[in-house]
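Read the structure below first, then the notes.
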Amino acid sequence: MRVIQFREALREAMVEEMRNDEDIFIMGEEVAEYNGAYKVTQGMLDEFGDKRVIDTPIAENGFTGIAIGAAMNGLRPIVEFMTFNFSLVAIDQIINGAAKVNLMSGGQFNMPIVFRGPTASAGQLGAQHSQAFENWYANTPGLKVVVPSTPADAKGLLKAAIRDNDPVIFMESEQMYGDKAEVPEGEYIIPLGVADIKRKGDDVTIVTFGKIYHRVAKAAEALAAEGIEVEIVDLRTVRPIDYATVIESVKKTNRLVIVEEAWPLASISTEIAYKVQREAFDDLDAPIQRVTMRDVPMGYGANMVEETLPNEGRIIEAVKTVSYKKG
Amino acid sequence: MSKDLKSKKYSKEQYLKWYEEMLLYRKFEEKASASYIQQKIRGFCHLYIGQEAIVAGYETVLGKGDSVITTYRDHCQPIGRGTDPKIIMAELFGKTSGISKGRGGSMHMFDKEKGFFGGHGIVGGHIPLGAGIAFAEKYKGTKNVNICLMGDGAVRQGAFHEALNMAMTWKLPSIFVIENNMYAMGTSVERTSNVTELFKLGHAYEMPSFAVNGMSVEDCADAFEEAVERARNGDGPTLLEIRTYRYKGHSMSDPAKYRTKEELNSYKDRDPIASVLSTINENNYASEDELKAIESKIKQTIEECVEFAEAGDFPQAGDIYDGIYAQKDYPFIKEI
């Protein structure tokens, strides 16, 4: 199978869908003439023209609302946020608009719209550019939230998101756009809400999603060398969550660690831990551990970034804690 | 323009239509008010009494494919679009026979088929949606236009300015309408900005922008005719500041102590319905019996609205999961 970059997989998903459906367009800052702040939309203006690949002013509240209005009136917009850190000025439109109109209208208006772009940290970008909001959006009924970790998942899930008739938040990472891996050509759809077991193992389950999966994968390699076999459940979608796959894995390993990039309070890990104690209480051989972003805004210094984010050392420590193999 | 000239521009039939429409809006709202006091209607309830000439004005020139979006003061706009007032009243009563199946309530009326896009509760939040509805019309290559109504309070929101800027840049077929009733809830226009002639805000985006007398349905219709033509011709949006007055408080729970009785009466003296009626009488457009017939027809309609609303069913509590996602089997978290 051919190998392409994460950004190319995203682009391929959009281009293939746009070729099939004239109602799909993309709008956002620098998506057209600049070819995308992170080159995800490179070449799309040339193929589809400025009617369907639309540069906006820096006005997230406004253009997000325009896209929602267009979705109410029969189109299927893709909105690119340069980063989800900037989506906060548009969050009223997403939460009060996109997530609510269907209910408020008694089911008259579907909302086929995708909001996509990078989430969370990407190096030493400072406090305002280093935030993971997956759990914020996942908290809201009416939305679906997708957080892929590999190029193939990115393509299959984005195609599904574009075809979905509900609003989908699709969260990527600046640090993954250059990742290369095998990606199926042409029609390749991964249904939303289905987790993927990225690594099989019998000793400890790690539930994770998005960019931070790659740190989990490295930690799992290191742990395997020490004789601890980790099973990695990549949620891929955090609204809805594929609880069944998580529970099944925990029933096999009897030990659970959850790793995510967001802050700890009211996070996806909180939710998973709640669900597992409720559904698999008697299957647990140790208290659940989690590794999240430290409970602080991100500082600039390289050592501060590393200390704040979930890192391999902390992941390994958590796995050893649930295995009672500390030290 | 003098009143005589206007009387010549608009026909007898038009005046009678306006009279019937506006009287229906007013009587509907009076009944909504009474039903609210009886606790048949709950939650927030914002009445349109005094502002009727705006809906009657744009409905004079709008066509079937055109659309309207507004705030939470939204009972009369769908009726203007042709929604049966019975199902608006049923929505107010919270019944499944309501236009939004009892899910929306007073603030969230929607009628997709009639081109009414709601019914939105966050001040200013829906203005970009209006631009987006117009964006879709341009994208699809239709000649349809969108009327986006808002209150005077909304123009201080960033969403207003962002939407106007993009609508003008992209020449969207939008008509942005500020229903300036002079008070954002209890805060007067003067207290919220140095710019109190609100139509001037459009000048920042080089948008054709005008002030209109909202107590005159003729003036409203004239202004909309020009704006709609501009939008249909592909020449872009218009901002209309329509100076109007709400006779009641901001909502049913507002005693409106921030304004004087004299001010209220000065507007009631220029009442748009009374003004149309006097034109009808001056020109002998209808006999007393014919006018009585219109009034009793409206009375009958309002009675039917309440009967229909009363007869409907409340949603089943177990139906709370319906109509949130297009996906029929969305796996909600359901515990205890």
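The values are calculated or read from the model by the stated rules, or taken from the named source; none is laboratory data. Since this is a predicted model, take the numbers as computed values, not measurements. A quick note on method: Cβ atoms are made from the backbone with ideal geometry, for glycine too, and the neighbour counts reach across all protein chains shown. For the accessible areas, the whole protein counts, side chains as well, though only heavy atoms, and no ligand, DNA or RNA atoms are used. Shrake-Rupley method; radii C 1.70, N 1.55, O 1.52, S 1.80 Å.
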Any chance A:M18 is more than 24 Å from B:G125 (Cβ to Cβ), among the hydrophobic types (A, V, I, L, M, F, W, C), without any contact (Cβ under 8 Å) to a residue 40 or more places away in the chain and open to solvent by less than 50 Å² (accessible area, probe 1.4 Å): yes
Any chance A:A70 is open to solvent by less than 20 Å² (accessible area, probe 1.4 Å) and in contact with a Leu (Cβ under 6 Å, 6 or more places away or on another chain): no
Members of the stretch B:139-174 found to be open to solvent by 20 Å² or more (accessible area, probe 1.4 Å), of a type in the set (D, E, K, R) and either free of Cβ contacts under 8 Å to residues at least 40 places away in the same chain or over 20 Å from B:V228 (Cβ atoms) (or both), listed by number: B:K140, B:R156, B:E162
Residue, nearest to the chain's Cα centre (by Cα), within the stretch A:149-189, restricted to residues that are part of a loop (DSSP other than H, G, I, E, B) and within 14 Å of another protein chain (Cβ to nearest Cβ): A:P167
Cβ-Cβ under 8 Å pairs, at least 6 apart or on other chains, the stretch A:46-69 side more than 8 Å from chain B (Cβ to nearest Cβ) and within 18 Å of A:V168 (Cα to Cα), far side aromatic (F, W, Y) and open to solvent by 50 Å² or more (accessible area, probe 1.4 Å): A:E60/A:F86
Qualifying residue in the stretch B:92-108 (condition: over 26 Å from B:I41 (Cβ atoms) and open to solvent by less than 10 Å² (accessible area, probe 1.4 Å)): no
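Being closer than 30 Å to B:G124 by Cα and open to solvent by 10 Å² or more (accessible area, probe 1.4 Å) narrows it down to one of A:R11, A:R52, so name that one.
The match here is A:R52.
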The lone exception for B:I298 - which of (1) part of a helix (DSSP H, G or I); (2) open to solvent by 70 Å² or more (accessible area, probe 1.4 Å) it fails: (2)
Where A:V216 falls short, out of the listed (1) of a type in the set (V, I, T); (2) open to solvent by 10 Å² or more (accessible area, probe 1.4 Å); (3) closer than 21 Å to A:A120 by Cβ; (4) part of a helix (DSSP H, G or I): (2)
When residues of the stretch A:74-99 are limited to those that are open to solvent by 20 Å² or more (accessible area, probe 1.4 Å) and assigned to a loop (DSSP other than H, G, I, E, B), the one nearest to the other protein chains (Cβ to nearest Cβ): A:G74
Strands (runs of 3 or more DSSP E) wholly inside the stretch B:144-232 containing at least 1 residues that are within 14 Å of chain A (Cβ to nearest Cβ) and either within 16 Å of B:V68 (Cα to Cα) or touching a His at 6+ places or on another chain (Cβ under 8 Å) (or both): B:146-151, B:174-180
Scan of the stretch B:20-40 for residues that are farther than 18 Å from B:A90 by Cβ and either β-branched (V, I, T) or open to solvent by less than 10 Å² (accessible area, probe 1.4 Å) (or both), ordered by number: B:M22, B:I37
Some residue of the stretch B:7-19 being open to solvent by 40 Å² or more (accessible area, probe 1.4 Å) and modelled with pLDDT under 95: yes
Candidates B:G323, B:G318 - the one that is of a type in the set (G, A, S), surrounded by 13 or more Cβ atoms within 10 Å (Cβ to Cβ) and over 30 Å from B:E13 (Cβ atoms): B:G323
Residues being closer than 30 Å to B:A326 by Cβ and either among the small types (G, A, S) or assigned to a helix (DSSP H, G or I) (or both) - total across the stretch A:219-248: 6
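Let's see how each residue does on (1) out of contact with any strand residue (DSSP E or B) (no Cβ under 8 Å at 6 or more places or on another chain); (2) facing chain A (nearest Cβ under 9 Å):
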site: B:L47; (1), (2): yes, no
site: B:E52; (1), (2): yes, no
site: B:L62; (1), (2): no, no
site: B:K112; (1), (2): yes, yes
site: B:G115; (1), (2): no, no
site: B:V123; (1), (2): no, no
site: B:E137; (1), (2): no, yes
Residue list for the stretch B:233-272, restricted to those being open to solvent by 10 Å² or more (accessible area, probe 1.4 Å) and not in a loop (DSSP other than H, G, I, E, B): B:R243, B:K261, B:E262, B:E263, B:L264, B:N265, B:S266, B:Y267, B:K268
